[in-house]
Amino acid sequence: MLDRDGFRPNVGIVLLNQRSQVFWGKRIRTHSWQFPQGGIDRGENPEQAMLRELHEEVGLFPQHVQVLARTRDWLRYEVPDRFIRRDARGHYRGQKQIWFLLQLVGHDWDLNLRATNHPEFDAWRWNDYWVPLDVVVEFKRGVYEMALTELARFVPRSDLRLDLRPDQRNRYLRGGLHQRDQVPSHDGEANLAMVNNGMHHYAAPPGASFELPPGATFEPDPQTGMGADPGATKT
């Protein structure tokens, strides 16, 4: 479902714990970490789509969260042509998103990455509010920056270093990256694997193992030991 300008309506979710850290999920069978997000189905409003995606991607129900805020307007990003399927080029331009800030009022153990038979994530962790920006695929960073900046004033805590300008925050974020978050290829360099539905996926070479960040949880697919079909991804 595209609007007349070629943008697909979508929602993004920033989920906070009691320490105002954000949920950060690892896309299934990849080394790409991101916020929960998903398309708005025909007949849904943004909040209905957000609650559906919240359950589908992290297993939470409405009683587990409190809505603190949402972005005022649509935030748009364009997907470069080389990341768009050939049959969609010329009419699909990218995503327009409403972002929601949620407070978890349940417990960590309420989260369930296997709430459906088409999971989006196979691991998750709590991350500092600003840190995720610098590991987002490049053409989406502007939307992440705008969403987090607009929603930051609604975060319950006041120690998020909101006084930092975006360029200062990005320097801070880059300083927080670790070599373990990169996937070495056979020649020792970071290996960028497939791009599907406009999303970068960092995948390990066949047979490679990976190290999860501290606090992360890995939930292997019971059938394959890793995840579902790597081509079955969601925008």
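Nothing in this text is a laboratory measurement; each read-out follows from the coordinates by a stated rule. Keep in mind that this is a model prediction, so the values were computed, not measured. Cβ placement follows ideal geometry from the backbone for every residue including glycine, while neighbour counts extend to all protein chains displayed.
For this structure, a couple of remarks:
- Once the chain from ARG89 to ASN45 is taken as fully extended at 0.36 nm per residue, the excess over their C-alpha distance is 13.2 nm.
- Ranked for footprinting exposure by Cβ neighbours inside 10 Å, fewest first, LEU51, LEU101 give LEU51, LEU101.
- Once the mean of 1/r is taken over each pair of separate Cα atoms and inverted, segment 38-156 shows a Kirkwood hydrodynamic radius of 16.0 Å.
- Note on ARG114 and ASP128: their simple-model spin labels are 3.4 nm apart, each label 7 Å out from Cα toward Cβ.
- Counted by neighbouring Cβ atoms within 10 Å, the residues GLU150, GLU57, GLU138, GLU120 run from fewest to most as GLU138, GLU150, GLU120, GLU57.
- Among TRP33, TRP99, the order by Cβ neighbours within 10 angstrom, fewest to most, reads TRP33, TRP99.
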